[in-house]
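> Mind looking over this structure? Questions follow.
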Amino acid sequence: MTGLRQVLVPSLPLARFRDLISDERYETLDAAATRARSRLDGHTLWNVNSTASGGGVAEMLAVLVGYTRGAGLDVRWLVTHGDDEFFAITKRIHNRIHGARGDDGDLGPAEAAHYARISAENAALLREQLRPGDVALLHDPQTAGLCGAMREHDVHVVWRCHIGADIVNEWTEQAWSFVIPHVLEAEAFVFSLAHYVPDALRSGHVHIIPPSIDPFSPKNRALDPADVGRIVRRVGLYAGDVEGPAARFVRGDGSDGVVERRASIVGEGPLDPRLPLVVQVSRWDHLKDMQGVMMGFANGVVGRVDANLALVGPSVAGVTDDPEGAIVLDECVDAWHRLPPDAQARIRLVSLPMDDIEENALMVNAVQRTSTIAVQKSLAEGFGLTVAEAMWKAKPVVASPVGGIVDQIAPGTGVLLDDPCDLDGFGDTVAGLLEQPSEIERFAGNAVIHVVDHFVGDRHLLRYASLLDELLGVNRAEDRSE
Ligand code: UDP
């Protein structure tokens, strides 16, 4: 793939938040939108990343771009191009910023040269579209190499990093040494958590902006329980297909959509819908440890509690900037084949089609709503949007105490594991919670309140508005006084 791709996101009305948040909170949002419009002063706010679908960044961008357009700002989203080697390098950087080695490749001069070459190609294409005075929000290591060229073009540059580690080790050091020279010229930096900011960037203009979920998106909006049932049957998780489309919906652009595709599922036949369902929704990535979830469940839950497990991820062909997906899924499938028959009967590996992103989102929504407990046993995590998504749907989450998950699971809303690598502890915790329906109900109610208080979109938009205040407030005033 060559060239830049613009992702067209329909604008979303801010007024949707009126019924969800207090009047005071809504007025603050409205005032920030007015201020941001005047700060941009006819210029465009560009978001640039390297994939339009799959994973938390694409998910978050669709929401951010939609609502900021709804607020009357000229906001656009461009996806850069790269080749297999480029994405192997950036995946290596991604893994190492998380503190994990990933593959055994290097981040030396050859990789730097290739990274610089692809970045220069993308920068040349960007220069054709961005005008001096515009603002570029460049997302993640895939776009770090564009910062310098965009500054030379007199574009305001913010580098937004969605990943980080709770630890510092040789891998984090190596990855940051690769990335930091590229981003030093950015005027501001955005991280999801304060401790993700590498030392070399701490003296810059750093904003801490945790992501948020959109309660009204296809991924999270309320669904008719009958549609939920039809979708999970169509997907193939539960028995009994439905006639015609499993559900109809109105797309973001106003056209009609249907949920009609099936998932690719590993496991013999559908699951019993009368049993509790444990779900982890994740990309097929070693750091999400789908295989660990499977082993912990097989050893600690199967035989103790009658329950099923669905490991749910995107079809591996659908996430363009993640070359490891197919490998990780294959490893999980091999591990599943080695499970004893009683565990195989309880566990499904589900790859959801990505041909239609809104359809995929409704499938995730329905599966999350069908779950009894959500789990997120990541070994490392940037933020972990799936946690807030499940909590919003009134599901208690059992998760690793890593990255942004720690902030999301407040006491009384779910369970933070002691150690992400302790599979016995994980299985025991999940089984213990399944045995206590009253605890599940208590966590569920608290989880919804916590998400509305902290992780819905208006909080997120306000933080970006103050970033624009800082970035543009002075400059635009100077422009006018000239
Ligand atoms: N996701 C999806 N379809 C899938 C699997 C995952 O849309 O088949 C979404 C999931 O709902 C969430 C995002 O991918 O919105 C994952 O974000 P998270 O922050 O949890 O992890 P990341 O992938 O960014 O590491």
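Just so it is clear, none of the values below were taken in a lab; they were calculated from the coordinates. Quick caveat: nothing in here was measured; it's all calculated off a predicted structure. Every residue, glycine as well, gets a Cβ built from its backbone with ideal geometry; the counts of neighbours run over all protein chains shown.
> Pairs of alpha-carbon atoms within less than 8 angstrom and 6+ residues apart define the contacts here; what relative contact order does region 222-294 have, in percent?
In percent, rounded to a whole number, it is 24.
> I would also like to ask the following. Pull out a ≥ b ≥ c, the square roots of the eigenvalues of the alpha-carbon gyration tensor of region 1-159, then state rounded if a/c is under 1.5, prolate if not and a/b is larger than b/c, and oblate in the remaining case.
Details: a/c = 2.52, a/b = 1.70, b/c = 1.48.
The shape class here is prolate.
> Oh, and also: What base-10 log of the normalised intensity I(q)/I(0) is obtained for region 126-269 from the Debye formula, alpha carbons as equal point scatterers, at q = 0.14, 0.17, 0.21 Å⁻¹?
Here the Debye-derived log intensity ratios amount to -0.82, -0.89, -1.15.
> Per residue of the chain, what 222 nm ellipticity follows from adding -39500 (n - 2.57) for every DSSP H run with n ≥ 4, rounded to the nearest 500?
Computed mean residue ellipticity for the chain: -14000 deg cm²/dmol.
> Could you tell me what % of all Cα pairs in region 140-190 have separations over 17 Å?
Cα-Cα pairs of region 140-190 separated by over 17 Å account for 35 percent.
> At a threshold of 8 angstrom on Cα-Cα distance, excluding pairs fewer than six apart, so keeping six or more, what relative contact order does region 1-159 reach in percent?
Averaging sequence separation for qualifying contacts and normalising by length gives 28 percent for region 1-159.
> Once the Cβ-Cβ distance between D419 and A110 is put in as r, and R0 is 25 Å, what FRET efficiency do you end up with, to the nearest 0.05?
0.10
> Measure out, as a whole number of angstrom, how far apart the alpha-carbon centroids of region 455-475 and region 236-259 sit.
36
> Quick one: what does P(r) look like for region 1-44 with 10 Å bins over all Cα pairs, in whole %?
The percentages, shortest bin first, are 22, 35, 28, 12, 4.
> Okay, moving on. Of V266, V316, how do they rank once you tally other Cβ atoms within 10 Å and put the fewest first?
Ranking V266, V316 by Cβ neighbours within 10 Å, fewest first, gives V266, V316.
> Right, here's the next one. Based on the mean of other beta carbon atoms within 10 Å per residue, what is the order of 28-36, 143-151, most packed first?
143-151, 28-36
> Can I get the semi-axes of region 362-482's equivalent ellipsoid? Compute them from the C-alpha gyration tensor as square roots of 5 times the eigenvalues, in angstrom, largest first.
Semi-axes from the Cα gyration tensor: 37, 16, 12 Å.
> Return, for the Cα atoms of the chain, the radius of gyration and Dmax in Å, separated by a comma.
Over the chain's Cα set, Rg and Dmax evaluate to 22.1, 76 Å.
> Send over the semi-axes of region 227-326's equivalent ellipsoid, whole angstrom and largest first, taken as the square roots of 5 times the C-alpha gyration tensor eigenvalues.
On the way: eigenvalues 138, 86, 22 Å².
They are 26, 21, 10 Å, listed from largest to smallest.
> Translational diffusion coefficient of region 271-327 at 37 °C, 0.692 mPa s, Stokes-Einstein with Kirkwood Rh over Cα pairs, in µm²/s as a whole number.
For the chosen part, D equals 261 µm²/s.
> Normalised by the number of residues in the chain, what is the relative contact order in percent for Cα pairs under 8 Å and 6+ residues apart?
Working: 924 pairs, mean separation 76.3, N = 482.
This gives 16 percent for the chain.
> Moving on to the next point. Which order do the peptides 268-275, 128-135, 460-467 come out in when sorted by mean C-beta neighbours inside 10 angstrom, highest first?
Packing proxy ranking, top to bottom: 460-467, 128-135, 268-275.
> Highest mean first, what order results for 278-291, 251-264 on Cβ atoms within 10 Å? Can you show the working numbers first?
Values: 278-291: 24.1, 251-264: 14.9.
Highest-to-lowest ranking by the protection proxy: 278-291, 251-264.
> Something else now. If we count every other residue with Cβ under 14 angstrom of D428's Cβ, Lys/Arg +1 and Asp/Glu -1, where does the sum land? It would help to have the intermediate numbers written out before the result.
On the way: positive: R304, K377; negative: D418, D419, D422, D424, E435.
Taking every Cβ under 14 Å from that of D428, the sum is -3.
> Based only on Cα atoms, what mean projected area does the convex hull of region 370-418 have, in nm²?
On the way: hull surface 12.0 nm².
Across all orientations, region 370-418 yields a mean hull projection of 3.0 nm².
> As a test, work out the antiparallel percent of DSSP beta bridges whose residues both lie in the chain, rounded to the nearest 5. Please list the in-between numbers first.
On the way: 9 of 52 bridges.
Here the share of antiparallel DSSP bridges comes out near 15 percent.
> For region 214-269, what is the convex hull volume of the alpha-carbon atoms per residue, in Å³? Please report the intermediate quantities before stating the final value.
Working: hull volume 5.4 nm³, N = 56.
In region 214-269, the Cα convex hull volume per residue is 96 Å³.
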